[in-house]
1. For segment 146-168: of the residues being in a loop (DSSP other than H, G, I, E, B) and in contact with a helix residue (DSSP H, G or I) (Cβ under 9 Å, 6 or more places away or on another chain), which is farthest from residue 111 (Cα to Cα)?
2. Sort out which residues of segment 121-144 are open to solvent by 100 Å² or more (accessible area, probe 1.4 Å) and at pLDDT below 90, and write them in order of number.
3. From 55, 30, 48, grab the single residue that is of a type outside the set (Phe, Trp, Tyr) and free of Cβ contacts under 8 Å to residues at least 12 places away in the same chain.
4. Please state which of the following conditions residue 62 fails to meet, knowing it meets all the rest: (1) open to solvent by less than 30 Å² (accessible area, probe 1.4 Å); (2) without any contact (Cβ under 8 Å) to a residue 60 or more places away in the chain; (3) under 19 Å from residue 12 (Cβ atoms).
5. Considering 16, 87, 20, 92, which residue is open to solvent by 80 Å² or more (accessible area, probe 1.4 Å) and either of a type in the set (Lys, Arg) or out of contact with any His (no Cβ under 8 Å at 6 or more places or on another chain) (or both)?
6. Just a yes or no: is a residue in segment 29-52 more than 17 Å from the chain's Cα centre (by Cα) and of a type in the set (D, E, K, R)?
7. Just for segment 95-113: of the residues that are at pLDDT 80 or above and among the hydroxyl-bearing types (Ser, Thr, Tyr), which one is most open to solvent (accessible area, probe 1.4 Å)?
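The values are calculated or read from the model by the stated rules, or taken from the named source; none is laboratory data. Remember, predicted model here, so these are calculated numbers, not experimental data. Neighbour counts run over all protein chains shown; Cβ positions are idealised from the backbone, glycine included. With ligands, DNA and RNA removed, areas are computed over all heavy atoms of the protein, side chains included. Shrake-Rupley method; radii C 1.70, N 1.55, O 1.52, S 1.80 Å.
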Amino acid sequence: QNTDAQKCPFYCMNPSNEISLHRRDPVIIRQQNGTWVPYANLVPFETRGHVVWVRVRQNGSLLTIPHLPQVLTAEDVEDWLGLLAASRHMASFFNGQHAGASVPHLHFQSVYMSQTFAIEHARFEQHAGHWWIKDYPATGLVYPARVKPERLYEDIACLQEAGVPFNL
């Protein structure tokens, strides 16, 4: 994955570009392991709300955006689950490397949800210690709503280490 900061589509190294993240007013959200900012998505597929969550570093009033690869750490998962727990009427997702991530820069996305998604009504079954989606067009694992970050990260780490594309 190309992590060349000069080629970043978020233009985090070029604040003079009109679509640079630096030109958008930030709302700073502190989590257990880091600070995150929900920036409005430039190409939203939900007009009532679509944000890109980006980890930032803060020094006083100065925010910097570290150019991190689209790879999750255990701390990122813990923070993401914290953001999810605090978000009402929002669905959140992460596109891993080679699985739809259009920007090679660590980020999550959240969109406004006015109704449930079809996948929320899918059936599932237990196999080999995991719960799997059953009779659905996509293969997937199912976790409880209040999954422990360490438990979720175990599976994420296995997929990342094996180079398997995945989405959350």
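1. 164
2. Within segment 121-144, 139 is the sole residue that qualifies.
3. Values: 55 fails: free of Cβ contacts under 8 Å to residues at least 12 places away in the same chain; 48 fails: free of Cβ contacts under 8 Å to residues at least 12 places away in the same chain.
Unique residue meeting the criteria: 30.
4. (1)
5. 16
6. yes
7. In this case the residue turns out to be 112.
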